[in-house]
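Participant: Sending over a structure as structure tokens; questions will come in a sec.
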Amino acid sequence: MRSAKMKFQVAKQLSNYSHRLINKTKQKSRDRNHHEMVAVEIIMAAAMVAVIVYLYVKRQQRYWARRNVPHLKPEFFYGNTKTLDHTEQLGMIFARFYNELKSSGPLAGVYMYVRPVAVVTDLELVKCVLVKDFQHFTDRGFFYNEVQDPLSAHMFSLPGSKWRSLRQKLSPTFTSGKMKMMFSTIVAAGKQFNDFLEEKVGRESEFEMKDLLARFTTDVIGMCAFGIECNSMKDPDAQFRVMGRKFFEDQRGLVKNVFHNAAPELAKKAGVRAVNKDVADFFLNVVRETIDYRVKNNVKRNDFMDLLIQMRNPKESESGENLLSFNELAAQCFLFYVAGFETSSTLLTWTLYELSLNQSVQEKGRQHVMDVLAKHGGKITYESVNDMIYLDKILNEALRKYPPVPVHFREATKDYQVPDTKITIETGTKVFIPVYGIHHDPAVFPDPERFDPERFSPEQVQKRHPYAWTPFGEGPRICIGLRFGMLQAKVGLLYLLKNYKFGIGKQCKVPLNFDVRSVILSPEGGLWLNVKKIY
Ligand code: HEM
Ligand SMILES: *[C@@H]1O[C@H](CO)[C@@H](O)[C@H](O)[C@H]1NC(C)=O
């Protein structure tokens, strides 16, 4: 709150000064030398602004020092995140902070530009922030603009009170019963994907897999959330895929992000959007048309859209106790789409990369798929897929080594006294959990660069801290689509392993670098593999 006061004082001084400047300027307008005088005044004003900005930045960047919290020494203006201008992925930046600060206590401070951010460096404190003391950390502190940009008001970005009611309404949508209902749709997309690959392998031996995998998950989520055949498998420029890609590419605008962060209320008033207008119009239209069609023709498809339509308030501009307004409904649909396809497709991408590097794990996975299928009469059913526990181990290990969301975000909604320390996290402070750093800490996962699915055997899981592995987050705001994401990844992986063999392609860089401009942990330049059909 101090910083708000500070900003106000700065603004007042500036405005006083400019008034004086204008008055003086008027008074001297008869003066022959007034041009020179004005020049001098302007230089002085600029100097004064520079001094004020300097003092403001300096003061902001003493926040952790003032509060006696262990912290990294900030660089003027940039803080500790000079690399935010796209030379290092956000997950790596926070992993670096974690490594530098974990010996100094359970919580430490860094600066993203002038904003102080608390970094959790201890697993017990991870548990407190995400679960035990969740009531102090109900928000993520993401920008949204309900009025001008209704799609941005989705469950991921909404603050505590608004989030809670939505989460309650939507939770029944993701039970295992509902997953079972959607299973046949996921398998249908898996078959299409398989047919497509078969044709492709007939023509080429080495190709880029990341885009193909994204097209598979786009089709799955498109069918399940919108009941639409997106056809991105056959048509790489299908609208759904184009719009999804555009949304993620758009997240990179640094100026926009700084504005969202520094002055969210002002940004809202100025009508700044979080979702690009083309993308928003496209999705609002699709949702509108889908609802109209289904209501008119009484179509039932056992998918997310069906469940959402059941919650639709007939008075579409209003929310309700157990009902959603049209905008709310559209925003959740949109979120399922963006949260669902990129995370799951990068999970599959990294999985194939590691399986290509280690043929013995790949072969073991394939054998497992064959064995389980044989046990179930060769049928791909909800039960047989659930039985493929070694695929879970492989995917869990890929999620450890490459958590698609490599940092968890919280914002303190009440002051919080960090247990066993003298530190208080003040209301409004951003609190980040460095997931990638924890997943690669040799003290938590020995020999962390080794890809070893056996880390997820029950015995080894037992030996670890329960919050060592959190690729889906934890607590009341844990990923709501966790089961769905795992299910579609498993179905995709089983088709891949059953019918194809993968090796590292000639065009593939080893090790693969991270795409620094992507918010999701994604390989730069895609994944080039050589793929052979198994007969
Ligand atoms: C491998 C796939 C996925 C990964 C790794 C993943 C990861 C995550 C993570 C880390 C969070 C934040 C959790 C936290 O802050 O504690 C999250 C939130 C969320 N995810 Fe996922 N996700 C995946 C798939 C999906 C799918 C398929 C859907 C929907 C169909 C989905 C919908 C959501 C939603 C709605 C939230 C916000 C939950 C809330 O704030 O209450 N996710 N996800
Ligand atoms: C493949 O993974 C297994 C299990 O982690 C490991 O024992 C083996 O050494 C790995 N092989 C290669 C070539 O990395």
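Participant: On the given criteria, is T470 under 21 Å from the mean Cα position of the chain (by Cα), more than 16 Å from ligand 1 (Cβ to nearest atom) and at pLDDT 95 or above?
Facilitator: In short, no.
Participant: Any residue at all in region 88-104 that is closer than 28 Å to F334 by Cβ, open to solvent by 40 Å² or more (accessible area, probe 1.4 Å) and within 16 Å of ligand 1 (Cβ to nearest atom)?
Facilitator: For region 88-104, residues closer than 28 Å to F334 by Cβ, open to solvent by 40 Å² or more (accessible area, probe 1.4 Å) and within 16 Å of ligand 1 (Cβ to nearest atom): present.
Participant: What is the number of the single condition among (1) surrounded by fewer than 18 Cβ atoms within 10 Å (Cβ to Cβ); (2) assigned to a loop (DSSP other than H, G, I, E, B); (3) within 14 Å of ligand 1 (Cβ to nearest atom) that I480 does not meet?
Facilitator: Answer for I480: the failing condition is (1).
Participant: Within region 348-358, which residues are within 9 Å of ligand 1 (Cβ to nearest atom) and either open to solvent by 10 Å² or more (accessible area, probe 1.4 Å) or of a type in the set (K, R) (or both)? Spell out the reasoning first.
Facilitator: Our first condition is that a residue be within 9 Å of ligand 1 (Cβ to nearest atom); within region 348-358, this holds for 348.
None - no residue of region 348-358 is within 9 Å of ligand 1 (Cβ to nearest atom) and either open to solvent by 10 Å² or more (accessible area, probe 1.4 Å) or of a type in the set (K, R) (or both), so the list stays empty.
Participant: While we're looking at this one, here's another question. Kindly indicate whether A443 is over 27 Å from F97 (Cβ atoms) and more than 16 Å from ligand 1 (Cβ to nearest atom).
Facilitator: On the way: over 27 Å from F97 (Cβ atoms): no; more than 16 Å from ligand 1 (Cβ to nearest atom): yes.
In short, no.
Participant: Taking helices (runs of 4 or more DSSP H) that do not extend beyond region 208-263, which have at least 2 residues that are at pLDDT 75 or above and under 20 Å from the mean Cα position of the chain (by Cα)?
Facilitator: Hits in region 208-263: 210-221, 239-250.
Participant: Which one of F143, F216 is in contact (Cβ under 8 Å) with a residue 60 or more places away in the chain and touching a Gly at 6+ places or on another chain (Cβ under 9 Å)? It would help to see each step written out before you state the result.
Facilitator: Numbers: F143 fails: touching a Gly at 6+ places or on another chain (Cβ under 9 Å).
Going through F143, F216 in turn, just one is in contact (Cβ under 8 Å) with a residue 60 or more places away in the chain and touching a Gly at 6+ places or on another chain (Cβ under 9 Å): F216.
Participant: Let me ask you something else. So if I check each of S161, S184, which one is open to solvent by 40 Å² or more (accessible area, probe 1.4 Å), more than 19 Å from the chain's Cα centre (by Cα) and within 14 Å of ligand 1 (Cβ to nearest atom)?
Facilitator: The match here is S161.
Participant: Still on this model: Might you check whether a residue that is of a type in the set (K, R) and under 22 Å from V110 (Cβ atoms) occurs anywhere in region 451-460? It would help to see each step written out before you state the result.
Facilitator: Taking region 451-460 and keeping what is of a type in the set (K, R), we get 455.
Then keep just the ones that are under 22 Å from V110 (Cβ atoms); that gives none.
Among the residues of region 451-460, not one is of a type in the set (K, R) and under 22 Å from V110 (Cβ atoms), which makes the answer no.
Participant: Evaluate region 365-381: report whether one residue or more is within 16 Å of ligand 1 (Cβ to nearest atom) and over 17 Å from E449 (Cβ atoms).
Facilitator: No - not one qualifying residue is present in region 365-381.
Participant: So, one more: So in region 264-276, with the set limited to residues that are in a loop (DSSP other than H, G, I, E, B) and not basic (K, R), which one is least open to solvent (accessible area, probe 1.4 Å)?
Facilitator: V275
Participant: Another question about this same structure. Kindly provide the set of residues from region 388-425 that are assigned to a loop (DSSP other than H, G, I, E, B), buried (at least 20 other Cβ atoms within 10 Å of the Cβ) and out of contact with any Gly (no Cβ under 6 Å at 6 or more places or on another chain), ordered by number.
Facilitator: Correct list: M388, Y402, P403, P404, V405, A412, V418, I423.
Participant: Here are the criteria: (1) assigned to a loop (DSSP other than H, G, I, E, B); (2) touching a residue at least 24 places away in the same chain (Cβ under 8 Å); (3) farther than 27 Å from F341 by Cβ. Tell me which single one E454 does not satisfy.
Facilitator: (1)
Participant: From the list V361, V295, V279, V338, which residue is within 16 Å of ligand 2 (Cβ to nearest atom) and either open to solvent by 10 Å² or more (accessible area, probe 1.4 Å) or at pLDDT below 85 (or both)?
Facilitator: V361
Participant: Looking at (1) more than 28 Å from V126 (Cα to Cα); (2) part of a helix (DSSP H, G or I), can you tell me which one F94 breaks?
Facilitator: All conditions are met except number (1).
Participant: Do we find that Y467 is open to solvent by 50 Å² or more (accessible area, probe 1.4 Å) and part of a loop (DSSP other than H, G, I, E, B) in this structure?
Facilitator: no
Let's see how each residue does on (1) within 26 Å of the chain's Cα centre (by Cα); (2) of a type in the set (F, W, Y); (3) surrounded by 19 or more Cβ atoms within 10 Å (Cβ to Cβ); (4) away from ligand 2 (no atom under 16 Å from the Cβ):
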| residue | (1), (2), (3), (4) |
| --- | --- |
| P448 | yes, no, no, no |
| L487 | yes, no, yes, yes |
| K498 | no, no, no, yes |
| I534 | no, no, no, yes |
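Participant: Spot the failing condition for F456; the list is (1) at pLDDT 95 or above; (2) closer than 26 Å to Y353 by Cβ; (3) out of contact with any Pro (no Cβ under 9 Å at 6 or more places or on another chain); (4) within 9 Å of ligand 1 (Cβ to nearest atom), and only one is missed.
Facilitator: Answer for F456: the failing condition is (4).
Participant: Shifting gears a bit: For the condition within 16 Å of ligand 1 (Cβ to nearest atom) and out of contact with any strand residue (DSSP E or B) (no Cβ under 7 Å at 6 or more places or on another chain), what is the one hit in D392, D420?
Facilitator: None of the other options fit; the residue is D392.
The values are calculated or read from the model by the stated rules, or taken from the named source; none is laboratory data. The shown structure was predicted, so the numbers you read here are calculated from the model rather than taken from an experiment. All Cβ positions, even for glycine, are placed from backbone atoms using ideal geometry, and neighbour counts span all protein chains on display. Keep in mind that these areas ignore ligands, DNA and RNA; they rest on the heavy atoms of the full protein, side chains included. Shrake-Rupley method; radii C 1.70, N 1.55, O 1.52, S 1.80 Å.
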